[in-house]
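Colleague: This is the structure I want to talk about, given as structure tokens.
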Amino acid sequence: MDLLSIFFIATGLSMDSFAVCISEGMCRQRFEAIRAVKVALVFGFFQAVMPLVGFALGVGFSKRIASVDHWMAFAILGIIGGKMIYEGLREEKEVPCDCNCRQSAQINFRKVIALSFATSIDALAAGLIFVPFKDVVFTAVAMIGIVCFVFCFAGIYLGIRFGKNIQINMVLIGGLILIAIGIKILGDHLLSA
């Protein structure tokens, strides 16, 4: 698996975290870089650790699935991408903001951890696609964490700066990216066979 594919997988997996951070940013009136870094670090950490857990769980089955690993990657990314597209199409036009917009220096880490965990469940399943690519798993994990961190930091900033003017459905885009990567993995394998 090449670095560009890993980057696109990381981007696709980060879209739901990005959308959540835009929503969270909308609840604030001014940008605080330290606060945004802390929140983005939590999201990036969960997004990086979950694929590693999925990979570790899948390694035990790697010999049994070696002949169909490309189909599994295609199916996993297709299911995750399809689910994201479905959620993106069901989403209301306006991003809901479940906050009272009170400024506070305190970060509700319980809420941030819960949101980080919820948005990284897909990354757990995506970790299985790295089982046949053991040589790049740590590069992939690092890239997924870094990409998610950058997207989340930017999401908080964009949410504060542009608020409800953002009309791009990031979850839908993320789903399309994951499906495209699944097709690429399957196509590369079938063409090389």
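Colleague: Divide by every residue of the chain the summed helix terms, -39500 (n - 2.57) for each DSSP H run of at least 4, and state the resulting mean residue ellipticity at 222 nm, rounded to the nearest 500 deg cm²/dmol. Kindly include the intermediate steps, with their values, before the conclusion.
Modeller: Numbers: 7 runs with 144 residues, N = 193.
For the chain, the value works out to -26000 deg cm²/dmol.
Colleague: Only one of the listed values, (i) 21; (ii) 28; (iii) 14, was derived from the coordinates as percent of Cα pairs over 30 Å apart; which label is it?
Modeller: (i)
Colleague: While we're here: Sorted by mean Cβ packing within 10 Å, highest first, what order do the peptides 136-142, 44-50, 109-115 take?
Modeller: 44-50, 136-142, 109-115
Colleague: Which whole-number percent is the relative contact order of the chain (Cα, under 8 Å, 6+ apart)? Show your work: numbers first, answer last.
Modeller: Numbers: 293 pairs, mean separation 104.2, N = 193.
Contact order relative to length: 54 percent.
Colleague: Could you give me D for region 1-48, from Stokes-Einstein at 10 °C and 1.306 mPa s, where the hydrodynamic radius is the Kirkwood radius over C-alpha pairs? Units µm² s⁻¹, please. Please report the intermediate quantities before stating the final value.
Modeller: Details: Rh = 12.0 Å.
Estimated diffusion coefficient is 133 µm²/s.
Colleague: Quote to one decimal, in nm, the extra length available between Ala142 and Ala75 on full extension: 0.36 nm per residue of separation minus the C-alpha distance between them. Walk me through the intermediate numbers first.
Modeller: On the way: separation 67, 0.36 × 67 = 24.12 nm, distance 2.36 nm.
Length gained, Ala142 through Ala75: 21.8 nm.
Colleague: Find how much the distance from Ile34 to Phe109 grows on full extension, using 0.36 nm per residue of separation minus their present alpha carbon separation; answer in nm with one decimal. If you can, show how the numbers build up before the last one.
Modeller: Values: separation 75, 0.36 × 75 = 27.00 nm, distance 1.42 nm.
Stretched out fully, the Ile34 to Phe109 stretch lengthens by 25.6 nm.
Colleague: Same structure, new question: Which whole DSSP H helices in the chain pass both tests: a Cα extent of 18 Å or more along the axis and a mean Kyte-Doolittle value no lower than 1.6?
Modeller: Values: long enough: 3-26 (33 Å, 1.49); 33-59 (39 Å, 1.80); 69-90 (31 Å, 0.61); 109-126 (25 Å, 1.18); 137-162 (36 Å, 2.20); 170-192 (33 Å, 1.94).
Correct list, ordered by number: 33-59, 137-162, 170-192.
Colleague: Give the total of Lys-Lys pairs in the chain with Cα-Cα distances below 27 Å; include a pair only if its members are 8 or more places apart or on different chains.
Modeller: 13
Values quoted throughout were computed directly from the atomic coordinates according to the rules given, and no laboratory measurement underlies them. What you are looking at is a predicted structure, and each value in this text was computed from that prediction instead of being measured. Using ideal geometry, Cβ is built from the backbone for each residue, glycine included, and neighbour counts are taken over all protein chains shown.
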